[in-house]
Amino acid sequence: MSTTELAQAGRDPAPVAAIALAAGLGTRMRSARAKVLHELAGEPMIVAALRPLLALGADPLIVVVGHQAQQVEAVVRAAFADGARFKFALQADQRGTGHAALCAMDCLPASFSGDVLITYGDMPRLQPGTLAGLLQSHRQCGAALSFISVELADPGAYGRVVRDSGGEVAAIVEAKDASAAQREIREINTGVYAARTDFLRGALGAIGSDNAQGEYYLTDLVAIARGRGLAVKAIKTARIGEFAGINSREELAAVSAEIHMEINRRLMASGVTLIDPATAYIGAQVEIGTDTVIGPNVQILGRSKIGSGVRIDGTAWLRDVVIGDRSYLKIGVRAESCRIGEDCEVGPFAHLREGTELEGHNRIGNFVETKKAHIGRGTKASHLSYLGDARVGRDTNVGCGVITVNYDGYDKHPTEIGDRCMVGCDTQLIAPVKVGSDVYIASGTTVLRDIPDGTLAMSHHPQREKPGWTANWHKRHQKRGQTGSGAGS
């Protein structure tokens, strides 16, 4: 069954809500930042952890926040367009997973009667199809509570799944509370649950804290359900890697590397050339067309969309960019939240900031910076220029050292340049200013006023000469060297 089919199966017949536990700091990260905000393959891990729940159609999707709650909420809302499905529950004091889920229940409407999935904000490898399979099995067997289990050669600190003589789940025992015999059990709880809402509402309040940690364990739901004569099912899977939580920088790096290689394999299989896959860091949401060639040390992040036949030489950093077919990004390009049309040539060492739009067939050369600049088709800025808050027409040439002087210390002001203009080297355009079409601006001009169409603009000072000045200049320096006052003394 495909992921889509599983997702559809998970949605039918009853609605599903979801709770994602994301309140912890993550002490082993050794960071002041909440663990779920650390980036994984170019995006905060909480974003990757929530995506499969959205794909499954969970509504509402409740995120339990604690450490840096406002920052976590802001990141989630910014990452997903469908923000109305999200609700945020505050767990001010982290008193265990059971307490976190109890905090979430206040956000679940009283009228909701479907099933509830419970996952974690530090479990970014979980797939929609796996959750849909859990939900489908949970509903088919009529269990009050179901969870996913796996078998590990070394169960370590994971909670053990204890079964009765008939093979049914009797309890989940945390490793710190397990007996020597129970610690020999290899089947462990992944912590991913599906529960009937009516059971969950009553059972969460019954969880106690009589354990080694003094916390409220979500795992106690198993014993509560069995004590009430309700069915509990463990859905065993071999997909161990999906349930790896991230608790340290080393684990973050390892999982990130796995994700990057999976993405790179998928891209290469679809017709993308990666010259050095080990140093191509491409986000999960990035789209790249066929016959595109990507060099070493490239990061392509966010919702970037790269066309076909594109070449990116290397040492590039791109986020949320759209690049048209056959464009060429030379070494050292940085671009963010911008659009590059087809058949453009950018770099080396160009910086395209947010709001830049190249219509196509453009040349943006070395050490050119653009910001909120709309550059018309065929227009070139080949080197050492700054175009900010600017709109430049078609087939215009922007010379070396041209600056749109857009900031007066308080506000930003626009510059407009028309079609088929020649803007000479070392020109400063003092915004707000408008230059018409077919204008020629002489080198070294400071443009203070609007320039009408078809005009030559210049602001040259009279050139002066002093004959014999150079010889006298050399004589002065020679005398200074003889008196020992030169640079070498």
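Here, each number is a calculation from the coordinates, and none is a lab measurement. This structure is a prediction, so every number in the text was calculated from the model and none was measured. Here the Cβ positions follow ideal geometry from the backbone for every residue, glycine too, while neighbour counts run over all protein chains shown.
Give the angle, between 0 and 90 degrees and rounded to the nearest 10, that separates the Cα long axis of helix 128-141 from the longest principal axis of the Cα atoms of the chain. Once rounded, one gets 20 degrees. Once backbone amide H atoms are built at 1.01 Å from N, Cys344 has Ser327, Tyr328, His361, Asn362 as its partners under 5 Å, excluding neighbours fewer than 5 places away on the same chain. State, as an integer percentage, the relative contact order of the chain based on alpha-carbon contacts under 8 Å between residues 6 or more apart. Relative contact order of the chain: 8 percent. Per-residue Karplus couplings for region 281-296, computed as 6.51 cos²θ - 1.76 cosθ + 1.60 with θ equal to phi - 60°, are listed in order as 10, 10, x, 5, 8, 6, 10, 9, x, 5, 6, 7, 10, 10, x, x Hz, Gly and Pro entered as x. Considering helices alone, the calculated mean residue ellipticity of the chain at 222 nm is -6500 deg cm²/dmol, with DSSP H runs of length four and up weighted by -39500 (n - 2.57) and normalised per residue. The stretch between Arg85 and Leu230, if pulled fully straight at 0.36 nm per residue, gains 49.1 nm over its current Cα-Cα span.
A Förster distance of 41 Å, applied to the separation of the beta-carbon atoms of Ala254 and Asp177, puts the FRET efficiency at 0.90.
Couplings for region 33-47, taken from phi via the Karplus curve 6.51 cos²θ - 1.76 cosθ + 1.60 with θ = phi - 60°, read 8, 4, 4, 6, 8, 5, 7, 9, 6, x, 8, x, 4, 4, 5 Hz in order; Gly and Pro are left as x. So for region 193-325, averaging the separation of alpha carbon pairs under 8 Å that are six or more residues apart and normalising by length, what relative contact order in percent results? Worked out over region 193-325, it gives 13 percent.
Taking the C-alpha atoms only, the angle from helix 249-269 to the longest principal axis of the chain is near 70 degrees. Taking every C-alpha pair closer than 8 Å and separated by at least 6 residues, the mean separation divided by the residue count of region 3-243 gives a relative contact order of 23 percent.
If both residues of a DSSP beta bridge must be in region 371-481, then about 5% of such bridges are antiparallel.
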